[in-house]
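Mind looking over this structure? Questions follow.
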Amino acid sequence: MKKVVFNDKLCKGCGLCVAACPKKILAISERVNAMGYAVAECVNERECISCAFCATMCPDTVITVRKEVSETK
Ligand code: SF4
Ligand code: SF4
């Protein structure tokens, strides 16, 4: 399951999340949303530490960060 989920429709490509990520795994992609903004994406989910700095920084609440959920039981 994805840890970092972007609501592409709302992203303005401002790059604040990219700057905030301590693991440097966020980037502005080449995908453009309906508003004409290049949207942010996570390029290496495995490195994500679920700190949610990206979600906190985003002015448009685009990002949801899920904690890693144990698959046992
Ligand atoms: S939760 Fe933390 S490590 Fe993961 S993408 Fe966001 S800022 Fe980076
Ligand atoms: S901070 Fe939010 S609006 Fe800005 S690029 Fe990241 S996801 Fe998009």
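The values are calculated or read from the model by the stated rules, or taken from the named source; none is laboratory data. Keep in mind it's a predicted model, so treat the numbers as computed, not measured. Using ideal geometry, Cβ is built from the backbone for each residue, glycine included, and neighbour counts are taken over all protein chains shown. Side chains are part of the model used for accessible areas, which takes the heavy atoms of the whole protein and leaves out ligands, DNA and RNA. Shrake-Rupley method; radii C 1.70, N 1.55, O 1.52, S 1.80 Å.
(1) within 10 Å of ligand 1 (Cβ to nearest atom); (2) open to solvent by 40 Å² or more (accessible area, probe 1.4 Å); (3) at pLDDT 95 or above; (4) in a loop (DSSP other than H, G, I, E, B): which one isn't true of THR56, the others all being true?
(4)
Right, next: Assess whether GLU47 counts as being more than 10 Å from ligand 1 (Cβ to nearest atom), without any contact (Cβ under 8 Å) to a residue 40 or more places away in the chain and of a type outside the set (Lys, Arg).
No; evaluated as a whole, the condition is false for this residue.
Here is a further query. Anything in region 28-37 that is surrounded by 12 or more Cβ atoms within 10 Å (Cβ to Cβ) and more than 8 Å from ligand 2 (Cβ to nearest atom)? List them, or say none. So that I can check it myself, show each step before the final result.
Taking region 28-37 as the starting set, the residues that turn out to be surrounded by 12 or more Cβ atoms within 10 Å (Cβ to Cβ) are 28-29, 31-33, 35, 37.
Passing the criteria: SER29, ARG31, VAL32, ASN33, MET35.
Give the residues of region 38-47 that are surrounded by fewer than 17 Cβ atoms within 10 Å (Cβ to Cβ) and either near ligand 2 (Cβ under 10 Å from one of its atoms) or under 18 Å from LYS67 (Cβ atoms) (or both), sorted by residue number.
In the first step, residues of region 38-47 are kept if they are surrounded by fewer than 17 Cβ atoms within 10 Å (Cβ to Cβ); the result is 38, 43-47.
Of everything in region 38-47, those that are surrounded by fewer than 17 Cβ atoms within 10 Å (Cβ to Cβ) and either near ligand 2 (Cβ under 10 Å from one of its atoms) or under 18 Å from LYS67 (Cβ atoms) (or both) turn out to be ALA38, ASN44, GLU45, ARG46, GLU47.
Considering only residues that are part of a loop (DSSP other than H, G, I, E, B) and open to solvent by less than 30 Å² (accessible area, probe 1.4 Å), which ones fall in region 14-27?
Matches in region 14-27: GLY15, CYS21, ILE25.
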